[in-house]
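The values are calculated or read from the model by the stated rules, or taken from the named source; none is laboratory data. Remember, it's a predicted structure, so these values are computed and weren't measured experimentally. When we count neighbours, we look across all protein chains shown, and the Cβ atoms used for this are built from the backbone with ideal geometry, even at glycine.
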Amino acid sequence: MSSNVTGAPRGLEGVVAAQTRLSHVDGKNGVLIVGGYTIEEFAGHVGFEAAAHLLWRGHLPDRAELTKLSSQMAELRELPALTLEVIRGAAAAPPIDALRMACATLSLGLADPNAITPEADLAAAMRLTACFPTVVAAHARIGRKQEPIRPRKDLPLAANFLYMIHGKEPDPSAAQALDTYWVTVMDHGMNASTFTARVIASTRSDLVSAVTGALGALKGPLHGGAPGPVLDMLLEIGSADHAEAWLRNELSQGRRIMGFGHRVYKVRDPRAEVLSRAAERLGKAQMENRQLYDLALQVEQTALRVLAEAKPGRNLRTNVEFYTALVLQALGLDPRQFVAMFACGRTAGWCAHVIEQHAEDHLIRPQSEYIGPVGLKIS
Ligand code: COA
């Protein structure tokens, strides 16, 4: 059998699969750049809608541009009746699955669902990004046998989400923490879900299809599904003096410690730092959150020490999911919703990558190395 396949590393580690102006992950130095800004410069200082404008339009908006984008997205928050039906049908499903099902229905309201022009992509990007928090909030309330609360247009996206899920206007510090979280996770180089979105877009398929596929890639525990288990771990450990024995037992059973390790970062994930500060601010407001935050700090130090001993040379450091768990828990969210919350922020990045890939207009089509038998006969 002849083959001109050149072997790529397992998991495509280190392979550059696209050029992008959106974000850059420097795993050696622990630096994340989004649209030209470091994540520390950006998250907490620029609101989610403005950050989405940066990714979709290439620059931070001026006041008029921000007002326009924010009001356009506020108008798009309401869910079509069919989408609500799907969410009701998916009441018992995990929120990320309900979001994937609902996402697929959102192409129905678009003027031309199959168009891939920059204008059509932007319209679809605004719609999905505006609707995702409404989907997650509606699904949560239906699961609690409550009626969904209709979105308000006068609140920013994050504040409106907390209003819809808790039924009252949130404390400004809670809305700010959620906004910071969504900006922190909105884009992150060529991660698995972004790659999925770009592969789908590269076939000239539409933005909604690409984001629906990306949601499927995000939900796995090796990607976006870790913060729920991080919270379970902290609650099971319960107090700092149990941490070492608990962590060692996990490793001896061959299990991974959630919230640690990263394919690209070999130092502390810079997003963990941003979210640790956001969690600390929330902790100052409430004693219960403060206690969990203090426990997390101690578990983090113990885990780093135990991992360095058990996996020498692997450089397993704290990743974004560790402090995500604390921020989302402090906002009164159910751990089952954590992956879907990640998706609400990341969708802005997926959409930007789809816009970029459609402009690039080049099919992504790698090859495989055949390792099966040859020459078999049926009879
Ligand atoms: N706990 C314990 N061991 C871990 C680990 C963790 N969190 N992460 C990696 N390792 C170990 C692996 O078991 C492997 O050990 P081995 O060489 O003795 O077999 C080694 O470190 C390398 O792991 P590998 O799977 O090749 O690394 P990766 O780059 O493919 O994995 C992750 C990256 C994120 C998938 C991995 O670190 C992980 O599973 N982390 C926990 C889940 C998590 O927090 N996910 C959120 C990511 S943002």
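A compact table of results
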read-out	value
Residues being part of a helix (DSSP H, G or I) and of a type in the set (Lys, Arg) - total across segment 181-218	1
Which listed residue is among the small types (Gly, Ala, Ser), more than 23 Å from the chain's Cα centre (by Cα), assigned by TED's automatic domain parsing to the domain that holds residue 55 and modelled with pLDDT of 95 or more, from 167, 109	167
Qualifying residue in segment 230-252 (condition: in the same structural domain as residue 27 (by TED's automatic domain parsing), more than 11 Å from the ligand (Cβ to nearest atom), among the β-branched types (Val, Ile, Thr) and not in a loop (DSSP other than H, G, I, E, B))	no
Failed item in (1) at negative phi; (2) within 16 Å of the ligand (Cβ to nearest atom), with residue 259 passing the rest	(1)
Selection count, segment 133-158, where residues are touching a Gly at 6+ places or on another chain (Cβ under 9 Å) and under 18 Å from residue 215 (Cα atoms)	0
Some residue of segment 75-93 being assigned to a helix (DSSP H, G or I) and touching a His at 6+ places or on another chain (Cβ under 7 Å)	yes
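Okay, residues lined up against (1) more than 15 Å from the ligand (Cβ to nearest atom); (2) within 21 Å of the chain's Cα centre (by Cα):
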| position | (1), (2) |
| --- | --- |
| 269 | no, yes |
| 288 | yes, no |
| 294 | yes, no |
| 298 | yes, no |
| 302 | no, no |
| 314 | no, no |
| 318 | no, yes |
| 324 | no, yes |
